[in-house]
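Report on the following structure.
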Amino acid sequence: MRKFRLLALLIPIVLCGCATPRSVTNSEYYPGGNNGRGGDNALYKGELSEFDVLGIDQGKEITEQDITAASSDRKERLSLRKGESLLLIQSGAMIPEQEMTENMGKYFSVNVFTGVPGQGKKADASYAKALRLAAAKAGIDKILVYWGMLETETKDLATKNVSWVPIVGLAIPDQTQVIRIRLKIALVDVKSGQWDIFVPKVFEDTAYRASLDRDHSDQQQVAQLRSRVYRAAVESIIARFLR
């Protein structure tokens with residue numbers, strides 16, 4: 001009993017740490033050489049870029065006249081109406097995650113669309129126009145795209161050095177893992193191409209992990225935090241755009 005009390009006192013002691021980014025779309029735990037980055041997901045083909053979504057042609061030479069014209073064409077701030085049809089896209093995913101779709105569905109008529117980037121395609125304005133055309137043909141006025149980044153930091157505890165019976169060592173928490181999720185959200189008007197982009201509140205969570213259940217613990221922590229983040233993101237969308 002005294003040993004376990006001592007262990008509890010040692011748990012908060014940090015010996016070392018490392019930070020690892022991964023996409024929310026490709027968030028599977030992958031230990032070893034990949035150091036906790038996203039797993040071997042054959043369906044994951046990378047992320048859309050802002051240039052893909054917002055219709056900014058990187059290959060075109062931009063003139064001062066272009067900037068002046070864009071400034072003079074600015075309209076009033078983008079807004080959404082409750083019940084409005086919306087094309088929802090998660091960058092990198094075939095379809096948006098169910099939690100995000102369900103939360104958005106409480107306020108809007110949600111239509112889903114792929115966020116998998118085209119292979120061998122350079123980012124230019126044509127992709128954004130294709131998205132707007134697809135939405136227009138469905139009678140949808142707005143496109144909402146979101147990106148998600150997981151930032152993971154693990155820190156070894158003093159119990160990392162425990163060398164009792166091997167199975168005991170596997171079952172004792174020897175790391176803390178801090179996960180932070182950052183979302184970026186873009187709203188695009190189908191007819192005009194006008195857009196607005198913002199980053200909602202960032203959430204993080206801390207958990208103790210043992211060698212025996214690194215994978216399960218990681219995915220459980222990600223799932224719980226992602227639920228909080230999606231609910232809060234929808235609240236931020238409502239606060240920013242609903243009129």
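Any read-out appearing in this document is the output of simple, stated calculations on the displayed coordinates, not a laboratory observation. Note that the structure is predicted; figures quoted are calculated from it, not measured. Here the Cβ is made from the backbone with ideal geometry for all residues, glycine too, and neighbour counts use every protein chain on show.
Within the range 222-232, being crowded, with 16+ Cβ neighbours inside 10 Å, within 11 Å of Ile181 (Cα to Cα) and not hydroxyl-bearing (Ser, Thr, Tyr) holds for Val222, Leu225, Arg226, Val229.
Please specify each residue of the range 178-195 satisfying the condition of being assigned to a strand (DSSP E or B) and over 18 Å from Gly115 (Cα atoms). Answer for the range 178-195, where residues must be assigned to a strand (DSSP E or B) and over 18 Å from Gly115 (Cα atoms): Val178, Ile179, Arg180, Ile181.
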